Amino acid sequence: MYFKKIGVIGGGTMGQGICEMLAAKGLDVLLVEENSDKLNHAYSMIETSLDKQLEKWAITQAEKKLILSRIQKVTHFAELGSCDMVIETISEDLNAKREVFTQLDQVCPSNIILASNTSTLSLTEIAGGTMYPERVIGMHFIYPVSRIDLVEIIRGLKTSDSTFDNTKRFVEEVVEKRGIMVYESPGFVTSRIICILINEALHVLGEGVATAEDIDDSMRVGYQFQYGPLEMADRFGLDSVLAALERMFREFGELKYRPSFVLKKMVRAGNLGVKTGEGFFKYDKDGDRI
């Protein structure tokens, strides 16, 4: 398969990162959101991200303009029929994802790969409502997309070998990241392990063993993590971490996946991390720690 134009559904944090990364690699991107307000917000956040790189001399003004010119804002799924691959990045809601894939089934030719950026959901279930489940695959990018050179490629029960091979080639040759194959399991590899780490850090915080700052510093400095587990949770979104842990707790039935009460309290209070400006730490509108 030849990859030139990629559709991205969902303009949240992950969708923005994937769009920016694909456009920077020279691909044309169709960014889809449910309304023009959300679409314009996503586009402005991508521009903000590029401006921050511009300030650090990581890119030039010309490169910024070129990247933005490759991203086309779209509100109708029908336009995705011309894409070589479509990546869905909406919130972790199984029914919503199934609905998206059912719509994609109607507008995308049967040879086009339909990928989901889900971090915990079953690809077999997502593909269950489509006519061609063999072309549905998981492609889990990790935040921040531009800086993490790893993608989990998840096979559903009916994902074909050709779909997997073409997806792996896309990941490794086109976007130049390391692709690892994962057989379907709740949380896959990265989410399953990192959520346990975050949950244990939350238990340590709840028991008063150390402050949030010191817990994060111990892992960031002591074990060379880019972010400590609590800031990591803030950046993922505390509601997303809670949803992932609850899903794994239901699937596995093991106590180690039971979400910390501290996490539940934070979500109930609406302190979701970077997206609301406050979680375990405070953040400015650009997502930088205050």
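The values are calculated or read from the model by the stated rules, or taken from the named source; none is laboratory data. Quick caveat: nothing in here was measured; it's all calculated off a predicted structure. Counting neighbours? That spans all protein chains shown, and the Cβs are built from the backbone with ideal geometry, glycine included. The accessibility values were calculated without ligands, DNA or RNA, using every heavy atom of the protein model including side chains. Shrake-Rupley method; radii C 1.70, N 1.55, O 1.52, S 1.80 Å.
A few points about this structure:
- Per-residue extension of 0.36 nm, minus the Cα-Cα distance of L157 and E172, leaves a gain of 3.1 nm for this segment.
- Shape class of the chain from the Cα gyration tensor (axes a ≥ b ≥ c, square roots of the eigenvalues): oblate, since a/c reaches 1.5 or more and a/b does not exceed b/c.
- For the range 125-132, backbone phi angles converted through the Karplus equation (6.51, -1.76, 1.60; θ = phi - 60°) give residue-by-residue couplings of 5, 4, 6, x, x, 9, 7, 10 Hz, Gly and Pro being listed as x.
- To the nearest 10, the accessible area of L205 is 40 Å² with a 1.4 Å probe.
- Residues with amide H under 5 Å from that of I59, placed H, sequence gap 5 or more: L54
- Restriction of the GluC sites (Glu not before Pro) in the range 1-37 to DSSP coil positions whose beta-carbon has at most 12 other beta-carbons within 10 angstrom yields E34.
- Solvent-accessible surface of the range 173-290, taken per residue with a 1.4 Å probe and all protein chains present: 54 Å².
- Candidate residues I290, I67: accessible-area rank, largest first, probe 1.4 Å: I290, I67
- Ordering F101, H76, M131 by Cα displacement along the dipole of the chain toward the positive end leaves M131 in first place; charges were set at the Cβ atoms of Lys, Arg (+1) and Asp, Glu (-1).
- Solvent-accessible heavy-atom area per residue, rounded to whole Å², over the range 1-123 at 1.4 Å: 44 Å²
- For K4 and A96, a Förster radius of 30 Å and the Cβ-Cβ distance give a FRET efficiency of 0.60, rounded to the nearest 0.05.
- In this rough spin-label picture, where each label sits 7 Å from Cα along the Cβ direction, the E34-E213 distance is 4.0 nm.
- Applying 1/(1 + (r/R0)^6) with R0 = 51 Å to the Cβ-Cβ distance of K256 and A62 gives a FRET efficiency near 0.50.
- Peptides 271-284, 50-63 ordered by average Cβ neighbours within 10 Å, highest first: 271-284, 50-63
- Full-extension gain in nm, Y223 to N111, via 0.36 nm per residue minus C-alpha separation: 35.9 nm
- Point-charge dipole on Cβ atoms (K/R +1, D/E -1) for the chain, about Cα centre, debye to 20: 160 debye
- Placing unit charges on the Cβ atoms of the charged side chains and taking the dipole of the range 166-290 about its Cα centre, the candidate lying farthest along the positive direction among V241, F252, L230 is F252.
- Evaluating 6.51 cos²θ - 1.76 cosθ + 1.60 at θ = phi - 60° for every residue in the range 175-181, the Karplus couplings come out as 9, 6, 10, 7, x, 10, 7 Hz, glycine and proline recorded as x.
- Extension gain, Y183 back to K264 (0.36 nm per residue minus Cα-Cα distance, nm): 26.2 nm
- Taking a ≥ b ≥ c as the square roots of the eigenvalues of the Cα gyration tensor, an a/c ratio of 1.5 or more together with a/b no larger than b/c marks the range 1-80 as oblate.
- Ligands, DNA and RNA left out, the 1.4 Å accessible surface of the range 93-208 is 50% carbon and sulfur atoms.
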